[in-house]
Amino acid sequence: MGISRTELNILDQALEDHTALWELVWSLKNIFPGRSELELAGIAKQAALSLFEKGWITVYKVKSWASGQLEPTPLSSQDFKQIVADDKFWRVGNPADVDSPYFVAAATDEGQRVYMSLKPEDFSAPP
């Protein structure tokens with residue numbers, strides 16, 4: 001199928017719910033035990049960008065912690081590349097800063113179709 005265990009994990013997270021980017025980082029702790037948050041963020045960024053470019057996930061901006069309101073239009077590829085380059089969106093923000101935007105990943109219909117078509121051996125792919 002051509003999906004790494006890291007990509008599979010992120011796609012799974014994006015299928016469950018709108019998943020904050022820092023949650024994607026946290027979800028990799030079981031795959032890469034002992035890695036630093038910085039290393040995990042780098043791995044998550046690379047995998048999320050790959051999934052985004054394949055059209056299997058999309059990313060939305062949430063206006064603020066306080067509102068929890070998604071902006072209705074997903075990010076463009078160029079916008080997401082800027083988000084990938086900015087470490088602050090891959091770490092948990094200061095909970096007191098309720099007016100800060102953050103970004104969430106969600107599976108696309110194509111991502112869901114791909115996930116549902118995976119075979120058992122795809123779930124044991126290397127990281």
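The values are calculated or read from the model by the stated rules, or taken from the named source; none is laboratory data. Every value quoted in this text rests on a predicted model; they were computed, and no experiment measured them. So basically every Cβ, Gly included, is an ideal-geometry build from the backbone, and we count neighbours across all protein chains shown.
Within segment 54-71, the set of residues being farther than 21 Å from Glu110 by Cβ, in a loop (DSSP other than H, G, I, E, B) and not charged (D, E, K, R) comprises Ser64, Trp65, Ala66, Ser67, Gly68, Gln69. Among the residues of this structure, Leu51 counts as one that is touching a Leu at 6+ places or on another chain (Cβ under 7 Å), of a type outside the set (Phe, Trp, Tyr), touching a residue at least 12 places away in the same chain (Cβ under 8 Å) and part of a helix (DSSP H, G or I).
Scanning segment 30-69 for residues that are of a type in the set (Gly, Ala, Ser) and either crowded, with 16+ Cβ neighbours inside 10 Å or out of contact with any Gly (no Cβ under 8 Å at 6 or more places or on another chain) (or both) returns Gly34, Ser36, Ala41, Gly42, Ala44, Ala47, Ala48, Ser50, Ser64, Ala66, Ser67, Gly68.
Within segment 100-127, take every residue that is assigned to a loop (DSSP other than H, G, I, E, B) and modelled with pLDDT under 75 and give me the one that is surrounded by the most Cβ atoms within 10 Å (Cβ to Cβ). Step by step, filter segment 100-127, then rank; the result is Ala125.
Pairs linking a residue in segment 97-110 that is closer than 21 Å to Lys45 by Cβ to a residue that is at pLDDT below 90 and among the hydroxyl-bearing types (Ser, Thr, Tyr), with Cβ atoms under 7 Å and 6 or more positions apart or on different chains, are Ser100/Ser64; Pro101/Ser64. Exactly one residue out of Asp12, Asp17 is surrounded by 14 or more Cβ atoms within 10 Å (Cβ to Cβ) and of a type outside the set (A, V, I, L, M, F, W, C): that is Asp12.
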